[in-house]
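Novice: My questions will all concern the structure given below.
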Amino acid sequence: MNKEDIINLNVGEVLFDVDLTKYNTYRISSLASVLVEVDSVSSLIKLLVYIKSNNLKYMILGTGSNIIFDGNYEGIIIRLSKLNNVEITNSDVIVEAGYNLTKLANLTANLGLEGLEWAVGIPGTVGGAIYMNAGAYKKAMNDNVFYVEILNENLEIKRLYLKDLEFGYRSSVLQKYKNYTVIRVALSLKFGNKEELLQIIDDRRKRRIETQPLDFPNAGSVFRNPSDLFAWKLIEEAGLKGYAINGAKISDKHSNFIVNHNNANAKDIIELINLAKESVKKKFDIDLVLEQEIIRGTYE
Ligand SMILES: Cc1cc2nc3c(=O)[nH]c(=O)nc-3n(C[C@H](O)[C@H](O)[C@H](O)COP(=O)(O)OP(=O)(O)OC[C@H]3O[C@@H](n4cnc5c(N)ncnc54)[C@H](O)[C@@H]3O)c2cc1C
């Protein structure tokens, strides 16, 4: 990888040997060889053309609120935080992938548009929310999506509609085709009562503060809930509530959260994940499925 070449592409801000601590919500420290904040969709395409023609490793990173960086990332991390335009016409929203989901939920509710109240408190980007089909309180992105614009493997812009997106519980077609990049999303909301929507948002926000360990770095739910069961309950009944490995701990407040309570590293978190899986398997014969994503890197 040639540093000069990447700078000369002129595709946005380029950083080298970047400490990733502030780019993941667990606040785990590791290094990325390169991090690029692309300044437009055409810059993104230009960068991806360069990456593909040089056969380089890359990933798209949102706010890193569902990610565990296990070691140094020897490749190019692409962030879309500059792709953050939003256009609202009547109750239809077209929003770029780098826009913050909580911000979008607050914006639309304040305009009296109903549909995203559940999303307040989810710290990810719109692109990450599509990838994960993020959801809460029995609602999810798939309830509002009209279409998603992606760059496909040939770097063509394509529209995917609900039938193509294969949304499921915390899953979407994007997890199957890792070389698709979400660039823009069209959402169909409904006209609602602004005061009622803001009331719901306030209620959801309070519920999160009451039930989630938001005072420590974390990345939301660690495991997906098995059908008709709660992962937190299984982990708690397996006796792991409050259990710590070095700086990582299964939260005392919500057992499906791991918190970085004292300079945890990825290994501490992954060890806790494995322990929770093994303990729940042993006690209930249930296989917990990870919701968070481990990005394997290198350790010198
Ligand atoms: C306090 C807290 C509360 C949370 N609550 C919830 C909740 O209620 N419900 C819920 O579902 N989740 C929740 N989460 C988890 C997390 O916020 C979501 O999974 C979110 O959708 C991840 O978005 P992100 O932008 O941070 O993605 P990242 O973590 O940065 O990335 C996740 C994956 O998405 C891919 N990706 C990101 N952007 C794009 C793109 N534009 N195109 C293609 N792929 C992309 C990445 O490559 C990666 O594979 C919570 C997290 C925290 C810290």
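The values are calculated or read from the model by the stated rules, or taken from the named source; none is laboratory data. None of the values given here were measured: they were computed from a predicted structure. Note that each Cβ is placed from the backbone with ideal geometry, even for glycine, and that neighbours are counted across all protein chains shown.
Novice: For the range 172-193, which positions are within 14 Å of Val126 (Cα to Cα) and either exposed (fewer than 14 other Cβ atoms within 10 Å of the Cβ) or within 14 Å of the ligand (Cβ to nearest atom) (or both)?
Specialist: Ser172, Leu174, Thr181, Val182, Ile183, Arg184, Val185
Novice: (1) aliphatic (A, V, I, L, M); (2) more than 15 Å from Ile200 (Cβ to Cβ); (3) under 16 Å from the mean Cα position of the chain (by Cα): which one isn't true of Ala119, the others all being true?
Specialist: Ala119 satisfies every listed condition except (2).
Novice: Scan (1) within 30 Å of Ile270 (Cβ to Cβ); (2) touching a strand residue (DSSP E or B) at 6+ places or on another chain (Cβ under 8 Å) for the single condition Gly64 breaks and write down its number.
Specialist: The failed condition is (2).
Novice: Say whether the condition of being touching a Ser or Thr at 6+ places or on another chain (Cβ under 7 Å) and more than 21 Å from Leu214 (Cα to Cα) is met by at least one residue in the range 283-292.
Specialist: Taking every residue of the range 283-292 in turn, none turns out to be touching a Ser or Thr at 6+ places or on another chain (Cβ under 7 Å) and more than 21 Å from Leu214 (Cα to Cα).
Novice: I would also like to ask the following. Quick check on Ala276: is it without any contact (Cβ under 8 Å) to a residue 60 or more places away in the chain and crowded, with 22+ Cβ neighbours inside 10 Å?
Specialist: Yes; evaluated as a whole, the condition is true for this residue.
Novice: Does Ile157 satisfy the condition of being away from the ligand (no atom under 11 Å from the Cβ), in the same structural domain as Val93 (by TED's automatic domain parsing) and either hydroxyl-bearing (Ser, Thr, Tyr) or under 18 Å from Thr102 (Cβ atoms) (or both)?
Specialist: It is false that Ile157 is away from the ligand (no atom under 11 Å from the Cβ), in the same structural domain as Val93 (by TED's automatic domain parsing) and either hydroxyl-bearing (Ser, Thr, Tyr) or under 18 Å from Thr102 (Cβ atoms) (or both).
Novice: Give me the pairs: first residue in the range 38-52 and modelled with pLDDT of 95 or more, second residue aromatic (Phe, Trp, Tyr), beta-carbon distance under 8 Å, and six or more apart or on different chains, which are they?
Specialist: Every condition considered, the pairs that remain are Leu48/Tyr58; Ile51/Tyr58.
Novice: In the range 248-268, how many are part of a loop (DSSP other than H, G, I, E, B), over 19 Å from Ile209 (Cβ atoms) and touching a strand residue (DSSP E or B) at 6+ places or on another chain (Cβ under 6 Å)?
Specialist: Selection size over the range 248-268: 1.
Novice: What residue, among those in the range 256-292 that are within 16 Å of the ligand (Cβ to nearest atom) and polar (S, T, N, Q), is farthest from Ala244 (Cα to Cα)?
Specialist: Gln292
Novice: Can Ile209 be described as part of a helix (DSSP H, G or I), hydrophobic (A, V, I, L, M, F, W, C), more than 24 Å from Leu272 (Cβ to Cβ) and at pLDDT 95 or above?
Specialist: no
Novice: Looking only at the range 154-161, decide whether some residue is within 28 Å of Ala266 (Cβ to Cβ), modelled with pLDDT of 95 or more and crowded, with 17+ Cβ neighbours inside 10 Å.
Specialist: no
Novice: Identify all residues within the range 281-298 that are of a type in the set (A, V, I, L, M, F, W, C) and in contact with a strand residue (DSSP E or B) (Cβ under 7 Å, 6 or more places away or on another chain); write none if there are none.
Specialist: Matches in the range 281-298: Leu288, Val289, Leu290, Ile294, Ile295.
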